[in-house]
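The values are calculated or read from the model by the stated rules, or taken from the named source; none is laboratory data. The structure presented is a predicted model; accordingly, all values stated were derived computationally and were not measured. In this analysis, Cβ positions are derived from the backbone assuming ideal geometry, glycine residues included, and neighbour counts consider all displayed protein chains.
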Amino acid sequence: MTGTTGPDQGGPRGSPGPRPGGAGAAAVAGGVARQGGTEPDARFTFANERTFLAWSRTGLALIVAGLGIVQLLPPFPGVPWGRHLIGVPLIVLGAIVAVAGYVEWVRNQRALRSGKPVPRSFLPVILTVTIAAIAVISAVVLLLSAAR
Amino acid sequence: MPLSDDPEDRDPGLAEERTRLAWVRTAISFAAVGIAVLKVDVPLGVTVVAMVPFIWLAGRRVAWHAPHGENQPRLLLLIALGIAAIGVVVLVLTLTRGNSPGFHPPHG
């Protein structure tokens, strides 16, 4: 480990603005996250990889939670579609989170390479809004079921 | 290089170890999810469990200093798409299975 401990010391070498077509094709061949810039501190690369893995596990957990609700829970009395109403959004959210986690990993790695600030993550907002919506749906299903 | 107070500067291997452990956690998650899915759909459960050795091996690459992470974006893309595919299959299962009676533990 040398004295350079931050990507900010690498300097922004990534070319801003539109990329020429030839460079884009080469970047696809050489890996989607290795476009321009310099190799960042290994620790940042590791941290980015762990973040991706954490989102992957989150997605997997959401999918299996949705599956469990629809398949293993007994039906809500009087609300036959209640389990699907709660479980299906969870499954869809899980699949979206897994793919979005990869997209964010690519964006973060590019930012690290070019020494730019890491872009703002949109995943927490998606996760929060969807889970809050599922909570409201769950409450409505439970109330409808209790009213019967 | 002046001796830093940050233990990460003295032992950068800690970041590597954390990453290795994150891969192991991910492999264990796949195993747990696969076994849970076996209860609902055997082929899908077997598929998910079959993915475990690949995730685990991907984590070993970190320890071996073999190409990983940034140098192997396709592996991460495959994992993301694999989870999305599991989600799509699970979605189709839940929408086509009709109304499941739910899981009733045996009375003992």
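Across region B:41-58, what is the total count of residues that are out of contact with any Gly (no Cβ under 8 Å at 6 or more places or on another chain) and either acidic (Asp, Glu) or within 10 Å of chain A (Cβ to nearest Cβ) (or both)?
Looking only at that region, the number is 4.
Is it the case that A:Arg107 is farther than 19 Å from A:Trp55 by Cα and in a helix (DSSP H, G or I)? Even if it seems obvious, please write down each step before you answer.
On the way: farther than 19 Å from A:Trp55 by Cα: no; in a helix (DSSP H, G or I): yes.
The answer is no for A:Arg107.
Considering only region A:41-56, how many residues are facing chain B (nearest Cβ under 8 Å), out of contact with any Phe, Trp or Tyr (no Cβ under 7 Å at 6 or more places or on another chain) and either buried (at least 21 other Cβ atoms within 10 Å of the Cβ) or among the small types (Gly, Ala, Ser) (or both)?
7
Give the residue, chosen from A:Arg120, A:Arg107, A:Arg148, that is out of contact with any helix residue (DSSP H, G or I) (no Cβ under 8 Å at 6 or more places or on another chain), within 25 Å of A:Phe76 (Cβ to Cβ), surrounded by fewer than 19 Cβ atoms within 10 Å (Cβ to Cβ) and of a type outside the set (A, V, I, L, M).
Answer to the check: A:Arg148.
Anything in region A:67-82 that is at the interface with another protein chain (Cβ under 7 Å from one of its Cβ atoms) and crowded, with 19+ Cβ neighbours inside 10 Å? List them, or say none.
A:Leu67, A:Val70, A:Gln71
Inspect region B:59-71 for any residue being at pLDDT 90 or above, of a type in the set (Gly, Ala, Ser) and touching a helix residue (DSSP H, G or I) at 6+ places or on another chain (Cβ under 6 Å) and give the result as yes or no.
No, region B:59-71 contains no residue that is at pLDDT 90 or above, of a type in the set (Gly, Ala, Ser) and touching a helix residue (DSSP H, G or I) at 6+ places or on another chain (Cβ under 6 Å).
Starting from residues that are in a helix (DSSP H, G or I) and free of Cβ contacts under 8 Å to residues at least 12 places away in the same chain, keep the ones in region A:112-126 and report whichever is farthest from the chain's Cα centre (by Cα).
A:Val125
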